[in-house]
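The values are calculated or read from the model by the stated rules, or taken from the named source; none is laboratory data. None of these values were measured; they are calculated from a predicted model. Reconstructed Cβ throughout: ideal geometry from the backbone, glycine too, with neighbour counts over all protein chains shown.
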Amino acid sequence: MVYIYKETQLWEENENISQMNNNEKQSEEKTNDIILETKTALTESGCENIMPMWTKRCPKCNCVQVYATKRILIVATQKNKVCQKCRPRKEKTLIVPPDGWTRQCDCGRILHYNSKGSLTFAIKQKGKCNACSHIGKKGMRVTWSEFRRNCPLCNKEIFYSTNRSLQRAIRRNLNCLSCLQMGENNAMYGKILAPEVIKRLRSMNVGRHPTEETRKKMSLNCARRGVHKYGKDANFYGRRHSDETKRKMRIVACKRIMKLRLQRNKNGWINNVGKNENNYFTKMEKERGWNGIYYGKSGKQYFLEHLGYWVDYYEPNLNIVVEYDEPRHYRYGILTERDMNRMKEIKSHLRCQFWRYDEYKKCLVKF
């Protein structure tokens, strides 16, 4: 009997051990399942499902509205608030005055503005018109200043904006603008208007008398002599000079510059010469055997009086023109339109061979 009791006891102990092992395995499996469930919940929903959601439906479109706190949700339900899409938008009606956004400058000129904001900004900054803004510390920029001198020819009083410009004029003994445009320098020198033009001008101007309103406007606009006008106030707004008038203006300007230089230098030539230009032309003449006119050799450049252009290098025997081009003459590797038009005018006038030397690529090309 004792032996049987021992066997039953051992059998019961073995069963208890096996049950304990099974329970431990089941508990481990449950914990693993819980970890997996939490991981999937976190990956699928994120943190939104963890935090409480304060939501309500819009009374109009029935869409879901989410709120940050419970208090905001209670206020929205009490006031029966609508979503952002269903809210009525207030249309701002801007009342524009009949004269537009205008104000008057201290000098009496009326200033026009495009918007109300620019008008309020100008009032805060105490903005002035273009005429009053050009007035310097020493007085008006053109009509009056402490820096003055008399013209050596006509004895007319000339005003300068700074002391530096006054000293430069005294050193060069410069004349006034009206004296510089007299004689051969005038655009109408040696020319007479056609009788048809005279008749047309006479018919247009005879019997014309400006009204009092136009006289007031003219007096306000011309109160300050010499002040520049900008934008729509300018007389030449929206118009352009023709090629012929540009050519005439260029010739007159070149002659005026040469006359100014004659007062200082003996030659009277104005030159825009590059740093390495003279060295290149001396080497080019040795290589090709040319004998041309350029600044490093003759002290002046060849001047085309009919066009108003100076040429960097000109060989009169072979009728060859060479231009020395710095990188500023090119835009994205292409020659600028201004230089192309200039080259066409010179070629058509001289009927010459035209060469160009590119300083950046270091190559001489025939056009």
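Some observations on this one:
- Among the residues of the range 159-188, just one is touching a residue at least 40 places away in the same chain (Cβ under 8 Å) and on the phi > 0 side of the Ramachandran plot, namely ASN173.
- Top-ranked residue in the range 168-196 [being modelled with pLDDT of 85 or more and small (Gly, Ala, Ser); ranked as farthest from LYS259 (Cα to Cα)]: ALA194
- LEU193 vs. criteria under 24 Å from VAL252 (Cβ atoms), surrounded by 12 or more Cβ atoms within 10 Å (Cβ to Cβ) and either outside the structural domain of ILE257 (by TED's automatic domain parsing) or polar (S, T, N, Q) (or both): no
- Candidates GLU359, GLU326, GLU337: the one that is touching a residue at least 40 places away in the same chain (Cβ under 8 Å) and surrounded by fewer than 17 Cβ atoms within 10 Å (Cβ to Cβ) is GLU326.
- Test: residue in the range 227-244 that is part of a helix (DSSP H, G or I), under 37 Å from the mean Cα position of the chain (by Cα) and at pLDDT 85 or above: yes
- Long-range neighbours under 6 Å by Cβ, at least six apart or interchain, first residue within 13 Å of THR282 (Cβ to Cβ) within the range 293-313, second among the small types (Gly, Ala, Ser): TYR313/GLY292
- The lone criterion from (1) modelled with pLDDT of 70 or more; (2) not in a strand (DSSP E or B) left unmet by ARG149 is number (2).
- Whichever residue in the range 307-321 is surrounded by 11 or more Cβ atoms within 10 Å (Cβ to Cβ) and over 34 Å from the mean Cα position of the chain (by Cα) and, among such residues, is farthest from ARG250 (Cα to Cα): LEU318
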